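To keep things clear, I will list the structure first and then write my remarks on it.
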């Protein structure tokens, strides 16, 4: 074989290999990693004097271990979990949810005296709160689902005031690869949970005799 034919043959093979590699990267969903958070509700900032505000301490917020991973989880039809390589949480989801709950409750209850393990407050709590997130992801039917339980405890006597639960889902399905919409639906559902918890706290507060 002449040198020119050999060179052309090697060049053709190199072009085929390059095309195969490019198509493989495209099909595999390669590209820039995108980062998301579950944002708080758009609520007015709390005002007033700290001494006159309702004080809440979030003792802890628990999530399943699979939600602790940085890669965003979704659920497939066979009930298996899929973790996206290129769509990730900007921070640990448990810490994100704890911080967002604190901001939501601050706005909903009109108080800045919200304490968490991430941000301590000097105020003596009127109520303490323990939250368990049992499910929070896009399910196999495309709906984003949130299952949560929480316990409210009096701050003065540490008396349990009951365990509550709530199951929520988005009103419409989310496209499989639309992680931005999924994060938006998670924000809305988490906002509903925050409102429910705030309502429970206000209901307990209204039972207290006036000073």
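None of the figures in this text is laboratory data; all of them are computed from the coordinates on show. Because the structure is a prediction, the values reported are computed rather than measured. FYI the Cβ positions are ideal-geometry reconstructions off the backbone, even for glycines, and counts take in every protein chain you see.
Where a ≥ b ≥ c are the square roots of the eigenvalues of the C-alpha gyration tensor, would you call the stretch 149-211 rounded, which needs a/c under 1.5, or, failing that, prolate if a/b is larger than b/c, or oblate? Prolate.
Packing-wise, with mean Cβ within 10 Å as the measure, how do 54-60, 112-118, 167-173 rank, highest first? Display every interim value, and only then the final one.
Numbers: 54-60: 19.9, 112-118: 18.3, 167-173: 14.3.
The densest-packed peptide leads the list: 54-60, 112-118, 167-173.
With no solvent and one equal point scatterer per Cα, compute the Debye intensity ratio I(q)/I(0) for the stretch 61-207 at 0.11 Å⁻¹ and report its log10, rounded to two decimals. Debye output, listed in q order: -0.45.
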